[in-house]
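Following: one structure in structure tokens, then a few remarks.
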Amino acid sequence: MKKSLLLLLSAAALTAGAQTMFTAGELNYTVTGANTVEVSGLADKTATVLDIPATVENDGSTYDVTAIGDQAFRWAGVKSVTLPASIDTIKHGAFNGSDLVSITLNEGLRYIGDNAFACKQLVTVDLPSTVEVIDNSAFFAASNLSQVNFNEGLKKIGKSAFYNTALTRVQIPASVDTIGGTAFLYCRKLATVTIAEGNLRYLGDGAFNGCTLLESIQLPSTLEYIGMECFLGDVALATMNIPAGVTHLGESFMARTAIANINLDPANTTYKLVDGVLYNQWGNVLMAVPMKGKTAIDIPAGVQAIYGGAFWGSEVATVTLPDGLMDIEDYAFCQSALAAIEFPASLVWVGEQAFAATQLTHVVLPENFPYINDGEFAGCTQLTTVHIPSSVLEVYPHAFQNCSKATFYAHGSKAPVIMDFYDDWDHPFYGTGGIVYVPKGAKGSYQSEAWQDELTIRETEVGTLLPVSTTPDNGGILAVQYDQAAPSFTFTFDQPVELIDEHPQAFVRKNSFVSTTAMLPEQPWTATLSDDGLTLTISREASYEVEPGIDYYFTLPEAVVKNEAGEVNEHIVIAHSYDFATTPPVPGDVNFDDRADIDDVNIIINIILEKGEFMTLQWYPLADQDSNGTVDVDDLNIVINAILAQ
């Protein structure tokens, strides 16, 4: 009896939890509430014209029809639909792939779901003023959709909402605050976009990418965010403004346009214009150049990075890069008119396709350059010579793809690794068919890394130089006083060498040998040789601030010394860290200023009282004068006695 009762209760619970479905007329419905239903599909699969009722009856109950359900008419043959005033939601994929040509949307509709109208026959849509959200991909690839009337009240246009439609004109109402990424991507017939002043703050990545007929756009003063590739490939776009409130510009936001003058609101404090070129507010990142009208640019000192897509598609043919530049981001010069460039030794990173499809003929990669990234020089059909320094460790797919005229000169005795690729055409040197010259004795290394798959490997008559030892060893620890380091690095060779460069462009970098955090010298490094010519010392008088427990990397460039045969040293990296000295140069000196005084007393007092910025034993290890592991009154007395004894 108990078992039967439990089964009955379980069945009742399942029934109560399930949604009731029924058919009325041409349509199927699903009950969603006490008095509401949504349309869930066609009962009559032959129906092409639908006038959906506002209410429907079933088993003596009357329901309001409030929604078109998920995929209700997906792939259906319905061509014309009229919605009742009761509908407030059109859900995911409701008409996706259907034969819908026209639809009458009702006042009261608030939400149009993702992929709701991804159908190719739809031509025009009149959005009621009650619609607040057009969600992601709502009209995705509705390739015949040529007209949409937006009304005040709309707040959000989602990602890819009108991707690859046939829209010719768009008027965005003042109520819209967000236009999602790729919202109008590849709307190749879109010639006019008007955005009303009001609430728009966000233009997502690629929002108007590939709108090839768009000639001008006036962005509202409320705008704060312009996403990556927002107007990329809008080849007719000649006029666009950057409002005062914009605090974010995505990479390649105006690449491959026809913009000859960058129009930045003078009140904008996040960016600035210098000679018509856009920089960040500090002037250390070049953000974008005019796409038209400039053929040569001399980038000023102090610029450390070139933003992604900054020159992409521009007419700039020559550019001068400053010493201190460390980073060139993805697509920076892609498809530009660039024909000549010289890289500074400070450069450690170049992004994917940064120089792809340019007019470069000769490339000497910088001497501290570790990676050749995906597609970096792909499609440079005029490229004839490429010098690859011994610093290069890895070469990624497509790096020099179809550089069919290029001859390569690899300087390292150990071949850079060819990184994993999928098909033959992904090989970094696919379509080159040329020659790579490598140092004497290095052919086997390059063969083992599959360079011979696309290139003929030939050895030169000279090899390279590598030291037999270094000081410190790679991974060694250097003792310094407090937080200032002015170390020297020595390299011992097995044969006498002579100096080529007395002031090499060596670097110390923090956390990684490709870090953009470099300990920039106030004075140059100096190279000296021992009397027997076997030991090279690199040093400088100027110090730089270091931290305990942090890895630093000293990099020695190629060709600082050579031997009698003319062989030069390869690029060398020494990883090292620093340990603060435990004995002060002067008794009672805590802060390493070579004297014991009231400043040292104050440091100890603040450590004892746990007051003062950076007043800790970590930063002032010599505050523990008696080396008992703590800072206390005994240490204070030692310092005071040292002051009195002076």
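The values are calculated or read from the model by the stated rules, or taken from the named source; none is laboratory data. Because the structure is a prediction, the values reported are computed rather than measured. Please note: Cβ atoms are built from the backbone with ideal geometry, for glycine as well, and neighbour counts cover all protein chains shown. Heads up: the accessible areas ignore ligands, DNA and RNA and are worked out on the full protein's heavy atoms, side chains in. Shrake-Rupley method; radii C 1.70, N 1.55, O 1.52, S 1.80 Å.
Of note:
- Selection within the stretch 274-305 - in a strand (DSSP E or B), among the hydrophobic types (A, V, I, L, M, F, W, C) and within 19 Å of the chain's Cα centre (by Cα): LEU278, VAL285, LEU286, MET287, ALA288, ALA305
- Among (1) more than 19 Å from GLY41 (Cα to Cα); (2) buried (at least 20 other Cβ atoms within 10 Å of the Cβ) - the single one ASN115 does not satisfy: (1)
- Scoring GLN382 on the criteria (1) open to solvent by less than 10 Å² (accessible area, probe 1.4 Å); (2) under 29 Å from the mean Cα position of the chain (by Cα) leaves a single failure, condition (1).
- When residues of the stretch 218-235 are limited to those that are open to solvent by less than 10 Å² (accessible area, probe 1.4 Å) and more than 21 Å from CYS334 (Cβ to Cβ), the one nearest to the chain's Cα centre (by Cα): LEU223
- On inspection, ALA296 does not qualify as closer than 25 Å to ARG169 by Cβ and surrounded by fewer than 14 Cβ atoms within 10 Å (Cβ to Cβ).
- Matching residues, the stretch 184-203, being aromatic (Phe, Trp, Tyr), open to solvent by 20 Å² or more (accessible area, probe 1.4 Å) and within 19 Å of THR165 (Cα to Cα): TYR186
- Count of the stretch 361-375 residues which are without any contact (Cβ under 8 Å) to a residue 40 or more places away in the chain, surrounded by 19 or more Cβ atoms within 10 Å (Cβ to Cβ) and more than 13 Å from PRO416 (Cβ to Cβ): 4
- Filtered by the rule that a residue be assigned to a loop (DSSP other than H, G, I, E, B) and open to solvent by 10 Å² or more (accessible area, probe 1.4 Å), the stretch 118-127 gives ALA118, LYS120, GLN121, VAL123.
- When GLY69, GLY77, GLY93, GLY113 are screened for being within 27 Å of ARG169 (Cβ to Cβ) and modelled with pLDDT of 95 or more, only GLY113 passes.
- Residue pairs whose Cβ atoms lie under 6 Å apart, separated by 6 or more positions or on different chains, with the first residue in the stretch 84-109 and closer than 20 Å to VAL37 by Cβ and open to solvent by 20 Å² or more (accessible area, probe 1.4 Å) and the second outside any loop (DSSP other than H, G, I, E, B) and charged (D, E, K, R), are SER86/ASP64.
- Consider the stretch 255-269 and keep the residues that are touching a strand residue (DSSP E or B) at 6+ places or on another chain (Cβ under 7 Å) and farther than 18 Å from ILE195 by Cα. The one that is surrounded by the fewest Cβ atoms within 10 Å (Cβ to Cβ) is ASN268.
- Considering THR528, THR537, THR490, the condition of being open to solvent by 40 Å² or more (accessible area, probe 1.4 Å), of a type in the set (Ser, Thr, Tyr), at pLDDT 90 or above and not in a loop (DSSP other than H, G, I, E, B) is satisfied by THR528 alone.
- Condition check for HIS503: at pLDDT 90 or above, farther than 30 Å from ILE638 by Cα and either surrounded by fewer than 17 Cβ atoms within 10 Å (Cβ to Cβ) or not acidic (Asp, Glu) (or both): yes
- Check on PHE140, among the hydrophobic types (A, V, I, L, M, F, W, C), open to solvent by 50 Å² or more (accessible area, probe 1.4 Å), modelled with pLDDT of 95 or more and under 31 Å from the mean Cα position of the chain (by Cα): yes
- Some residue of the stretch 282-300 being in contact with a Gly (Cβ under 7 Å, 6 or more places away or on another chain) and at pLDDT below 95: no
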